[in-house]
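The block underneath contains the structure these notes are about, expressed in structure tokens.
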Amino acid sequence: MLPQTIRMTKNGILCEINNKRIHLDPKNTVTTGINFVSHAHFDHLPSKKNGTILTSVETNEIASLRGFKIVNHVQHIDDFSLIDSGHILGSKGLLFDDVFYTGDICTRNRGFLKGAIIPKCKTLITECTFGLPEFIFPKLDEIQKKVNELISDLYSKGIPVILLGYQLGKAQTITQLFGHWGPLYFHDSIKEMNVLHQRFGVPLKEGIGHTEAERNGFLAKKPWMMIVPMMSEKNPFLRNMKSKYGAVTIGFSGWAQSSRFAFGRRADYSFPLSDHCDFNELVDLVKYSGAEQVYTIHGFVEEFAEYLRKIGVNAQPLRENSLDDFI
Ligand SMILES: [Zn+2]
Ligand SMILES: [Zn+2]
């Protein structure tokens, strides 16, 4: 068996295994070796696009919509398995040579997104965005119930409701969970992303884009529901919607679970709904994988690795110039 090295470089995670160089979500793609792009959130899309890029068809399409045209796109390379990571449409983890890289991952079912099924592996490279015990999310049906009650109350007073969630991922989930409230409007950027999801067979309720709704005076007839990308309450768009129509905002973010992270509670009302694993789900993911070595990336890397070591799992954060490179 040839030595494997896994290390964090300035250009992201580099694995050298069996004489192959695999770059996991690199900042810039390279022409030597394989570049893997896990999904189309901006922080995972490479800025340069040379070389062979392994990614899903959906990620390729969403990347194009977002202005990241991938040239040498491949969906399959022998000995590399793309595993659904349940984070957003087209998101994948990568399994190769007993190593599993999660990308961004969620093991909980949410609407059209089915939770990831974790493969067995010897080495696990896992994100830990919510790797602190204070991030244990309520069940989805509890959140749905509370939000529906809140919307019902606001509607009974004739108050329009704005639901806030990331343009890619969260916005489509909240369209599915709460799109039965009407009339339904979308911020134009979300309408565009929803149309792309519909092309991939995701059933999403139709609605009118905000420019068209405003132009035709539809918003004057209250109440209504609009789905808008997560943004500051100071954003002119939200300020306008609030002053002109008296709209109330409901934000959806995993960060809303903890009172310590104010940016998770910027809206008038906030609910913890996330496209990532919570703390318990991360621990279960690690246990289920059966990994002998875990590397933590993104989020509370020190704290989560320390917790894993306490429960008997060999774990370290993957850092640049780490001395724990070799496995
Ligand atoms: Zn992501
Ligand atoms: Zn991410």
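The values are calculated or read from the model by the stated rules, or taken from the named source; none is laboratory data. Bear in mind that the values here come from a model prediction, so they are computed numbers and not experimental data. With ideal geometry, Cβ positions are generated from the backbone for all residues, glycine too; neighbour counts draw on all protein chains shown. Quick note on the areas: whole protein, heavy atoms, side chains included, nothing else; ligands and nucleic acids left out. Shrake-Rupley method; radii C 1.70, N 1.55, O 1.52, S 1.80 Å.
Working only within segment 29-59, note down all residues that are open to solvent by less than 50 Å² (accessible area, probe 1.4 Å), more than 15 Å from ligand 1 (Cβ to nearest atom) and without any contact (Cβ under 8 Å) to a residue 24 or more places away in the chain.
Listed by number, the residues that qualify are Val30, Gly33, Asn35, Gly51.
Take Ile70 and decide whether it is in contact (Cβ under 8 Å) with a residue 24 or more places away in the chain, more than 19 Å from the chain's Cα centre (by Cα) and under 29 Å from Ser253 (Cβ atoms). Steps first, answer last, please.
Numbers: in contact (Cβ under 8 Å) with a residue 24 or more places away in the chain: yes; more than 19 Å from the chain's Cα centre (by Cα): yes; under 29 Å from Ser253 (Cβ atoms): yes.
Taking the combined requirement at face value, the residue satisfies it.
Quick one: would you say Lys48 is within 24 Å of Thr9 (Cα to Cα) and of a type in the set (Lys, Arg)?
On the way: within 24 Å of Thr9 (Cα to Cα): yes; of a type in the set (Lys, Arg): yes.
Yes: the conditions hold for Lys48.
How about segment 75-91: which of its residues are farther than 28 Å from Ala171 by Cα and without any contact (Cβ under 8 Å) to a residue 24 or more places away in the chain?
His76, Asp78, Asp79
Right, Ala256: crowded, with 20+ Cβ neighbours inside 10 Å and away from ligand 2 (no atom under 16 Å from the Cβ) or not? Give the derivation first.
Numbers: crowded, with 20+ Cβ neighbours inside 10 Å: yes; away from ligand 2 (no atom under 16 Å from the Cβ): yes.
So Ala256 passes the test.
Looking only at residues that are among the small types (Gly, Ala, Ser) and buried (at least 16 other Cβ atoms within 10 Å of the Cβ) in segment 60-94, which one is nearest to ligand 1 (Cβ to nearest atom)? Don't jump to the end; show me each part of the working.
If we filter segment 60-94 for residues that are among the small types (Gly, Ala, Ser), which is where we start, we get 63-64, 67, 81, 85-86, 90-91, 93.
Subsequent filtering for residues that are buried (at least 16 other Cβ atoms within 10 Å of the Cβ) retains 63, 85-86, 90-91, 93.
On the way: Ala63: 13, Ser85: 9, Gly86: 11, Gly90: 11, Ser91: 7, Gly93: 12 Å.
Here the residue is Ser91.
Kindly provide the set of residues from segment 4-28 that are within 16 Å of ligand 1 (Cβ to nearest atom), free of Cβ contacts under 8 Å to residues at least 60 places away in the same chain and either farther than 19 Å from Glu127 by Cα or open to solvent by less than 50 Å² (accessible area, probe 1.4 Å) (or both), ordered by number. Outline the logic, then answer.
Start the filter on segment 4-28 by keeping residues that are within 16 Å of ligand 1 (Cβ to nearest atom), which leaves 12-13, 24-27.
Checking which are free of Cβ contacts under 8 Å to residues at least 60 places away in the same chain leaves us with 12, 26-27.
Scanning segment 4-28 gives Gly12, Pro26.
Among (1) in contact with a Lys or Arg (Cβ under 9 Å, 6 or more places away or on another chain); (2) modelled with pLDDT under 95; (3) open to solvent by less than 50 Å² (accessible area, probe 1.4 Å), there is one condition Gly264 misses while meeting the rest; what is its number?
It is condition (1) that Gly264 fails.
Might you let me know whether segment 170-191 holds any residue that is modelled with pLDDT of 95 or more, touching a strand residue (DSSP E or B) at 6+ places or on another chain (Cβ under 6 Å), of a type in the set (A, V, I, L, M, F, W, C) and open to solvent by 30 Å² or more (accessible area, probe 1.4 Å)?
Yes, because at least one residue in segment 170-191 is modelled with pLDDT of 95 or more, touching a strand residue (DSSP E or B) at 6+ places or on another chain (Cβ under 6 Å), of a type in the set (A, V, I, L, M, F, W, C) and open to solvent by 30 Å² or more (accessible area, probe 1.4 Å).
Do you know which of the residues in segment 276-306 that are buried (at least 18 other Cβ atoms within 10 Å of the Cβ) and part of a loop (DSSP other than H, G, I, E, B) is nearest to the chain's Cα centre (by Cα)?
His276
With the structure loaded, tell me whether Ile62 is of a type in the set (Val, Ile, Thr) and out of contact with any helix residue (DSSP H, G or I) (no Cβ under 7 Å at 6 or more places or on another chain) or whether it fails that test. Spell out the reasoning first.
On the way: of a type in the set (Val, Ile, Thr): yes; out of contact with any helix residue (DSSP H, G or I) (no Cβ under 7 Å at 6 or more places or on another chain): no.
Considered against the rule, which asks whether it is of a type in the set (Val, Ile, Thr) and out of contact with any helix residue (DSSP H, G or I) (no Cβ under 7 Å at 6 or more places or on another chain), Ile62 comes out as no.
Residue-wise test of (1) at pLDDT below 95; (2) closer than 15 Å to Val294 by Cα; (3) within 16 Å of ligand 2 (Cβ to nearest atom); (4) out of contact with any Ser or Thr (no Cβ under 9 Å at 6 or more places or on another chain).
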position	(1), (2), (3), (4)
Leu89	no, no, yes, no
Asp104	no, no, yes, no
Phe112	yes, no, no, no
Glu127	no, yes, yes, no
Asp141	no, no, no, yes
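Could you grab me the full set of residues in segment 95-129 that are within 16 Å of ligand 1 (Cβ to nearest atom) and among the β-branched types (Val, Ile, Thr)? Break it down stepwise before answering.
Narrowing segment 95-129 to residues within 16 Å of ligand 1 (Cβ to nearest atom): 101-108, 110, 113, 115-116, 125-129.
The answer is Thr102, Ile105, Thr107, Ile125, Thr126, Thr129.
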